[in-house]
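Notes follow the structure.
Laboratory data are not the source of any read-out in this text; all were calculated from the coordinates shown. Quick caveat, the model's predicted, so the values are computed rather than measured. Please note: Cβ atoms are built from the backbone with ideal geometry, for glycine as well, and neighbour counts cover all protein chains shown.
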Amino acid sequence: MSKWMWIIAGPNGAGKSSFAGDFLADLGHKNLIKLNADELTAALRKKFPDAAQNDLNLQAAIEIDQKVVDYIDAGQSFVVETVLSSPKYQDDVLTAKQNGFKVGLVYVSLYPPELSPQRIEVRVAKGGHNVDHDKAIERHRKSHEQLSWFAPKADALFIFDNSQEGTQPTLIALRGGDQPIKYLAPGVNPSVDRALKDIVSKKSINPDFSFG
C-alpha cells in the first residue's frame, strides 16, 4: 500500500478546510491522520485559557512540524493543512519522497488577494479565528510563490479556484503520476497563472492564452 503525504494548502479564507477534506475522501483517502494548526491551537486554548494567543500559535506550529517529521520517519500516511506561506515543508516533501512516500497537493486559491481578508471577516463573524488584514494579503502572495515550488514535486496535484461564493470550487489544474500538469482553466485566477507560468507546458493549454 502506498504511503501518502497530503498537503492541503491555500491562502487564509480560501475555504480549504471545508472543501479539501471531503475531496480527499472522495478520492479514497479516508481516515488519514490530520494535522491542522488551527484545530490544535483551539485545543491548546482549552488547556491553557490564560496563555497569550501568539504563544499558543507558536506551540501549535512547533508540534505540527514535529508530527510531520515523526510520521514520515514512521512511514505513516497523513495530511497536513497549511497556508503554505513559507518554505518550511520543502525539506519534508523531499524527505518523504526519499522515504518512498507519494506526495499529494490540494491547493485552494481565490482572487483577487483582497478576498482573503474579506472571507476572514465572515469567518470571524461566525466565531472563527482572525488573521490581520495586511498579514492575510501578504500570505496570499507568499503562498502562491510557494505553489511554484510544490506543484511540480507533487505526485498528485489538484488546484482549485474558490473565488465565487455559492458555487463549487473550479478545478484549474491537475497532475497525476509522471504526467505533465494539465492547465484546465487559465485566466480564471491570475495568481495561479503567475505561479504556474514557468512550470506548465504551453502545449497543455489554449494556444491563444498568454500568461502576460
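Exposure proxy shown here: for 29, 129, 144, the number of other Cβ atoms within 10 Å sets the order, fewest to most, as 129, 29, 144. Here the Karplus curve 6.51 cos²θ - 1.76 cosθ + 1.60, taken at θ = phi - 60°, turns the phi angles of segment 167-173 into couplings of 10, 6, x, 8, 6, 8, 8 Hz, with x standing for Gly and Pro. Taking trypsin sites (Lys or Arg not before Pro) in DSSP loop states with no more than 10 other Cβ atoms inside 10 Å as exposed sites, the chain has its longest site-free stretch at 31-125. Treating r as the C-beta distance of residue 26 and residue 55 and R0 as 30 Å, the FRET efficiency rounds to 0.20. Annotation: amide H of residue 173 within the under-5 Å range of 159, 184, sequence separation 5 or more or interchain, hydrogens built in the peptide plane.
Net length available on complete extension from residue 69 to residue 114 is 12.8 nm, with 0.36 nm assigned per residue and the Cα-Cα distance removed. Long hydrophobic helices in the chain: the complete DSSP H runs spanning 20 Å or more by Cα along their own axis with mean Kyte-Doolittle hydropathy of at least -1.0 are 53-74.
For segment 3-204, the Cβ-based charge dipole about the Cα centre amounts to some 440 debye (Lys, Arg positive; Asp, Glu negative; other atoms uncharged). For residue 108, the residues 5 or more places off, or on other chains, whose built amide H falls under 5 Å of its own are 9, 10, 160. Three principal axis extents of the chain based on alpha-carbon atoms, in descending order, are 58, 41, 28 Å. Taking 7 Å steps out from each Cα toward its Cβ at residue 46 and residue 76 produces label points 2.0 nm apart. Here is the link list: 3/153; 97/153; 47/67; 102/153; 34/197. Which ones come out longer than 21 Å on Cα distance? Exceeds cut-off: 34/197. Relative contact order of the chain, taken over Cα pairs closer than 8 Å and 6 or more residues apart, is 24 percent. With both labels modelled 7 Å from their Cα along Cα-to-Cβ, the residue 1 to residue 170 distance reads 3.8 nm. Proximity of backbone amide H atoms, modeled 1.01 Å from N, is registered between residue 3 and 102 at under 5 Å, excluding neighbours fewer than 5 places apart on the same chain.
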